[in-house]
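Comments concern the structure below.
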Amino acid sequence: MVTKEDLLPWQWEDATWRAIVDKARAGRSLKPKVWQGGAKVAVALSFDSDHETGTLREGEISPGKLSQGQYGSRVGIPRIRNLLSKYDIKASFFVPAVVAKLYPNEQRALVDLGHEIGIHGWIHERNSVLPPDSERDLQFRAADVLEQACGVRPVGIRTPSWDFSQHTLSISREMGLLYDSSLMADDEPYELLEDGEPTGIVELPVEWIRDDAVYFNMNRDTGLRPYTPPASVLEIFKSEFDGAVREGGLFLLTMHPHFIGHRSRIRLLEDLIDYMQGHPDIWFATHAEIAQYCKDNA
Ligand SMILES: [Zn+2]
């Protein structure tokens, strides 16, 4: 039998590429007419607490690189926690299982403050290169570890590096998750379809435009440098927020404690929160709260 692996993409039958495209697609919009409490815009702040796992997942063991990850927990998280408390904002933290094992108290403290903890892989592995059985096993075990650390079973997932395999959605379905936040088919929440079938899972879409890593990441061995100054990143994020206000939609921002937590950058986040709070009809909520609201009200 000829399989798709034996053929090049331009040799694929229509049924082959169509099945690939249909594996996880955007279905009906779940954008509500109005947000909770009559708000005109919903703001979902998220922090991917990768810490040391960004290094470990590559099989790298350098204490130098690992120390950059530890900064995320040691300095970044306390600054973020204080800022969110100052403005009384609840946010979502996506945490690899290995990070939850390294820092269980960090996760517990966040949950005690009313923040949400969501699934973010085992060791920040790339789902698209895993055998399906391993991906399933790691995703289930990651949820167990977060539940043990926090006392609450996670209801949502952000795949590490937003890397989604052909099997990720069916695993999330099997787990009965409320939402995913790893895909990019819209600015607004939508229902995920698997093989054309509605899944009931809410997608809260991400985008590289609204991700601090794009602007602030640095790798000394490649040409990757943080070329965009924080003031320019603030302008981009403000424009994305303004657009969400105009359209009565969702503004979802992805950040990383070891990037945004630095002195020159946490200020950017505070300025952005100040700016957003200047708008009268704004609803700050966790991803889980927004997903549930969309499911109930769209
Ligand atoms: Zn991550």
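The values are calculated or read from the model by the stated rules, or taken from the named source; none is laboratory data. These numbers come from a predicted model, not from an experiment. We place every Cβ from the backbone using ideal geometry, glycine too, and count neighbours over all the protein chains shown.
Data for the structure
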| quantity | calculated |
| --- | --- |
| Answer residue from the range 198-248, given it is part of a loop (DSSP other than H, G, I, E, B) and basic (Lys, Arg) and is nearest to Ala298 (Cα to Cα) among those | Arg225 |
| Number of positions in the range 156-166 that are outside any loop (DSSP other than H, G, I, E, B) and more than 12 Å from the ligand (Cβ to nearest atom) | 1 |
| So Gly176, is it of a type outside the set (Ser, Thr, Tyr) and in contact (Cβ under 8 Å) with a residue 12 or more places away in the chain | no |
| Arg153 vs. criteria within 25 Å of Lys295 (Cα to Cα), more than 16 Å from the ligand (Cβ to nearest atom) and of a type outside the set (Phe, Trp, Tyr) | yes |
| Residue within the range 203-210 that is more than 19 Å from Tyr293 (Cα to Cα) and either in contact with a strand residue (DSSP E or B) (Cβ under 6 Å, 6 or more places away or on another chain) or among the small types (Gly, Ala, Ser) (or both) present | yes |
| Any hit, the range 120-131, residues being within 16 Å of the ligand (Cβ to nearest atom), hydrophobic (A, V, I, L, M, F, W, C) and not in a loop (DSSP other than H, G, I, E, B) | yes |
| Residue count for the range 265-296, restricted to those that are surrounded by fewer than 14 Cβ atoms within 10 Å (Cβ to Cβ) and either over 30 Å from Tyr227 (Cα atoms) or of a type in the set (Ser, Thr, Tyr) (or both) | 3 |
| Residue check for Leu169: touching a residue at least 24 places away in the same chain (Cβ under 8 Å), over 21 Å from Asn297 (Cβ atoms) and either within 16 Å of the ligand (Cβ to nearest atom) or surrounded by fewer than 19 Cβ atoms within 10 Å (Cβ to Cβ) (or both) | no |
| Which listed residue is among the aromatic types (Phe, Trp, Tyr), touching a residue at least 40 places away in the same chain (Cβ under 8 Å) and touching a helix residue (DSSP H, G or I) at 6+ places or on another chain (Cβ under 6 Å), from Phe237, Phe259 | Phe259 |
| Some residue of the range 62-80 being outside any helix (DSSP H, G or I) and modelled with pLDDT of 95 or more | no |
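Let's see how each residue does on (1) out of contact with any strand residue (DSSP E or B) (no Cβ under 6 Å at 6 or more places or on another chain); (2) basic (Lys, Arg):
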site	(1), (2)
Ala15	yes, no
Arg18	yes, yes
Lys31	yes, yes
Ser46	no, no
Arg57	yes, yes
Ile77	yes, no
Arg81	yes, yes
Gln107	no, no
Ile117	no, no
